[in-house]
1. Considering only residues that are under 22 Å from B:GLY226 (Cβ atoms) and acidic (Asp, Glu), look in region B:60-95 and name the one that is nearest to the chain's Cα centre (by Cα).
2. For region B:199-221, what are the residues that are modelled with pLDDT under 95 and closer than 23 Å to A:ASP19 by Cβ?
3. Just to be sure I understand, how many residues within region B:96-111 are more than 11 Å from chain A (Cβ to nearest Cβ), of a type in the set (Asp, Glu) and within 18 Å of B:ARG235 (Cβ to Cβ)?
4. Restricting the search to region B:112-127, which residues are within 13 Å of another protein chain (Cβ to nearest Cβ) and basic (Lys, Arg)?
5. Where the second residue is surrounded by fewer than 19 Cβ atoms within 10 Å (Cβ to Cβ) and among the hydrophobic types (A, V, I, L, M, F, W, C) and the first is touching a residue at least 40 places away in the same chain (Cβ under 8 Å) and lies in region B:102-122, which pairs have Cβ atoms under 8 Å and are six or more apart or on separate chains?
6. Could you list, in sequence order, the residues of region B:5-58 that are outside any loop (DSSP other than H, G, I, E, B) and modelled with pLDDT under 85?
7. Which of the residues that make up region B:105-126 are at pLDDT below 95 and assigned to a helix (DSSP H, G or I)?
Amino acid sequence: MPDEYTITPSAEGLVDLLDRVVHRGAVVNGDVIISLAGIDLIRLDLRLLLVSIGAV
Amino acid sequence: MSVGLCAYAITREHVLAPLSPVGIRLITHRGLGLVVAEVELAPFAALGADPARWTAEPAEDDPLVVLARRHDVVVRAVFEHQPVLPLRFGTILRDEQAAVRLLANHHGEASTWLGRVDGHREWGVRARAAAPGKPAATPTDGLSGTEYLAMRRNRLTAAARTRRDAFTAAEALHEELTRHATECVPRKRKTATPLLDAAYLVPVNAEPAFHDETTRHDELAVEVTGPWPPYSFVRLELSAEEVAHA
């Protein structure tokens, strides 16, 4: 059994990566300049929610 | 303003490893640290400029992918040395004061969460029915008696397993995997419909047994991804605003 499974830059690997990095993790509200959320990568239908506080 | 403080993860206060990604630093507060870097806002803002182009499959040179990979690289670099609570991609704070407020507002629950995932790594497992005609498993030569008995501790015999269909095998695989995992979450993939698609939070010392389970079902084609930082197991909503404390 290999010590680590290499995440190869295939399309499948990218969907796995993007689903975790963009869809998961703690959401921060409040004093945030930009927050990107709501990206539905399952259907590869990107919806970006830009929350801008102050000048961007 | 054209720059902001990109926040990648919450971790325990520590000295960053010498080979950490360039520009990364920790803003600390009472034993916790927020992993941050100054970033130009323009690349992030540009992601929203043309959503129509995101109908194709993602490629390595897509702007979103480039930024997402950097996010993952940063989180993993810290994860090599300390438990991490990943923040969602694209979390950019105004300044250091906001970072400290974030840690102060959520010190207790973040500390508790880090303690829970400490010593674990996330693994993704997908299983589909194996292609027809897959040969039966070959005997596992070279195992010691103890290793053999460990593999056979499951109450079902190997002969019974080969008679099960792939669906039942997938259910069994999931049950087996959860015995070695502290936590599991299903992954909602709507394009393909695999028999099993889940993320598992596995203690490092249980990984050999966990991976062993994934190779033992001939009815299944099993794909394992990982190890990942525990992205899929964060369920915190955080605020960097001023909060009146009781």
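1. Checked region B:60-95; the qualifying residue nearest to the chain's Cα centre (by Cα) is B:ASP72.
2. The answer is B:LEU220, B:ALA221.
3. Looking only at that region, the number is 0.
4. B:ARG121, B:ARG126
5. Short answer, once both residue conditions are applied: B:ASN105/B:VAL243; B:HIS106/B:LEU236; B:GLU109/B:LEU236; B:ALA110/B:LEU236; B:TRP113/B:LEU236; B:GLY119/B:VAL204; B:HIS120/B:VAL204; B:ARG121/B:VAL204.
6. Of everything in region B:5-58, those that are outside any loop (DSSP other than H, G, I, E, B) and modelled with pLDDT under 85 turn out to be B:ALA42, B:PRO43, B:PHE44, B:ALA45, B:ALA46, B:PRO51, B:ALA52, B:ARG53, B:TRP54, B:THR55.
7. B:ASN105, the sole residue that qualifies.
Results for (1) part of a loop (DSSP other than H, G, I, E, B); (2) at the interface with chain A (Cβ under 7 Å from one of its Cβ atoms); (3) in contact with a Lys or Arg (Cβ under 7 Å, 6 or more places away or on another chain); (4) acidic (Asp, Glu), shown as yes or no for each residue.
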site	(1), (2), (3), (4)
B:THR193	yes, no, no, no
B:ASP197	no, no, yes, yes
B:GLU213	no, no, no, yes
B:ASP218	yes, no, yes, yes
B:ALA221	no, no, yes, no
B:THR225	no, yes, no, no
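The values are calculated or read from the model by the stated rules, or taken from the named source; none is laboratory data. Keep in mind it's a predicted model, so treat the numbers as computed, not measured. Using ideal geometry, Cβ is built from the backbone for each residue, glycine included, and neighbour counts are taken over all protein chains shown.
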